[in-house]
Amino acid sequence: MPALFFVATYLKENYPYIILGALVLAVLFFAWSLSSIFLPVLLALILAYVLNPVVSWLEGKRVPRVVAILLVMAGIVIGCVGVFAFFGGSIQDELAAVQINLPDYANRLYGLIPEKVKVYLEIETSEKLYRQVDRILNELRGISFDIVREAYAFVKTAFSSTLGFILTVIGYFITPVYLYYFLADLPHFKEGLLKLVPERSREWVTGLGSEIDGVLAAFVRGQLSVCAILAVLYSIGLSLIDIDLAIVIGSLSGILFIIPYVGTIFGIVVSMVMAFLKFHDLLHPLLCLGWFLIVQAIEGAVITPAIVGNRVGLHPVVAIIALFIGGQWFGIFGLLLAVPVAAVLKVFLRHFTEWYLTTSFYRGT
């Protein structure tokens with residue numbers, strides 16, 4: 001039995017790697033079973049990976065690493081405050097405009113509701129609609145305390161105990177502490193892990209790590225840049241079309257583009273609805289659709305190739321399947337990590353295929 005002989009030989013020669021792989025899987029399972037605790041740590045690890053090049057660049061300019069880390073973290077805080085201040089003012093102005101146009105929106109939506117639906121909902125007239133809305137609001141006010149109490153009970157049950165809930169909240173609050181120590185010790189982590197690899201395999205492991213780093217850097221850092229550019233382009237276009245909440249819709253569409261296809265679909269649907277409600281024609285919704293298609297064409301032909309390049313190289317069908325699997329298993333967090341994880345698995349699969357093609361089993365010798 002050549003196949004059994006091949007498997008036995010492979011297990012004998014590579015048992016340390018098999019044990020290491022089993023340990024890695026055990027650690028991943030343990031982390032998944034305690035995901036509420038490990039998610040803040042994972043978030044800090046991702047942020048450390050994204051920010052490490054900036055820290056290393058400052059360190060190369062003879063800035064002490066501790067000072068470089070503090071400067072980067074301070075820059076993030078200042079940047080976030082500036083972004084929130086800008087968007088806070090813009091959103092406030094846009095919401096004021098929406099509030100002015102809200103009666104028109106309500107009347108147009110009311111006019112689009114079929115008569116049978118109006119009868120079923122007992123809103124045959126605008127006055128009945130307003131009374132129904134007022135009744136619902138009063139009921140919501142009356143049950144608000146019950147909702148809060150039930151929500152707290154649900155969250156507490158989800159985290160198994162009050163202590164678990166408190167530890168999870170504290171974990172997210174001390175994420176900056178995790179981030180600081182990860183950034184400070186990241187070079188030592190790499191050196192320590194490399195020392196565990198036998199010398200005969202270090203060159204291969206170093207090359208594999210560099211390839212994975214290139215793929216992750218292309219997606220994580222590159223995709224964040226693409227999202228920022230798209231948010232600006234979407235917001236500019238929707239503002240020129242003069243729909244309400246243009247900056248909000250454009251920014252959210254750009255941010256959601258971190259999950260492939262989601263941001264584009266969200267932006268098209270919401271912007272077309274807002275355009276139709278405001279202008280009550282087909283021209284402005286079509287203008288919104290056209291703008292998103294133009295930006296998507298620019299993104300696919302210019303922006304992504306220039307920033308991300310072809311290092312990720314996932315087929316669209318593979319990316320979509322990865323998104324479905326990630327969302328099914330891990331929810332929103334799975335959607336965020338599905339594509340980069342699939343890209344890393346593609347690197348391992350390519351190396352495994354290259355190794356397999358050199359084996360005596362494949363060659364038949």
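Some notes on this structure:
- Full extension of the chain segment joining His188 with Thr353 gains 56.2 nm, where the gain is 0.36 nm per residue of separation less the Cα-Cα distance.
- Across segment 247-343, the relative contact order, built from alpha-carbon pairs under 8 Å that are at least six residues apart, equals 18 percent.
- Area of Thr264 that stays accessible when all protein chains are in place (1.4 Å probe, Å², to 10): 20 Å²
- Nearest-0.05 FRET efficiency for Leu286 and Glu211, computed from C-beta distance (R0 41 Å): 0.40
- Cα gyration tensor shape for segment 258-302, rounded if a/c is under 1.5, else prolate or oblate: oblate
- By average C-beta atoms within 10 angstrom, highest first, the peptides 76-83, 239-246, 327-334: 239-246, 327-334, 76-83
- Estimated FRET transfer efficiency (Phe38, Trp204; beta-carbon r; R0 30 Å; 0.05): 0.55
- The label-point distance for Ile174 and Leu121, in a model that sets each label 7 Å from Cα toward Cβ, rounds to 4.9 nm.
- Spin-label pair Ile236/Ala297, simplified geometry with 7 Å Cα→Cβ offset, distance in nm: 1.7 nm
- Counting only protein heavy atoms and a 1.4 Å probe, segment 251-291 has 47 square angstrom of accessible area per residue.
- Additional length obtainable on full extension of the chain from Arg62 to Ile332, 0.36 nm per residue less Cα span: 93.2 nm
- Extending 7 Å from Cα along the Cβ direction at Leu345 and again at Ile76 yields two label points whose distance is 2.8 nm.
- Three-way shape label, segment 218-365, alpha-carbon gyration tensor, a/c 1.5: prolate
The values are calculated or read from the model by the stated rules, or taken from the named source; none is laboratory data. Computed from a predicted structure; not experimentally measured. We place every Cβ from the backbone using ideal geometry, glycine too, and count neighbours over all the protein chains shown. These area figures cover heavy atoms from the full protein model, side chains too; ligands, DNA and RNA do not enter into them. Shrake-Rupley method; radii C 1.70, N 1.55, O 1.52, S 1.80 Å.
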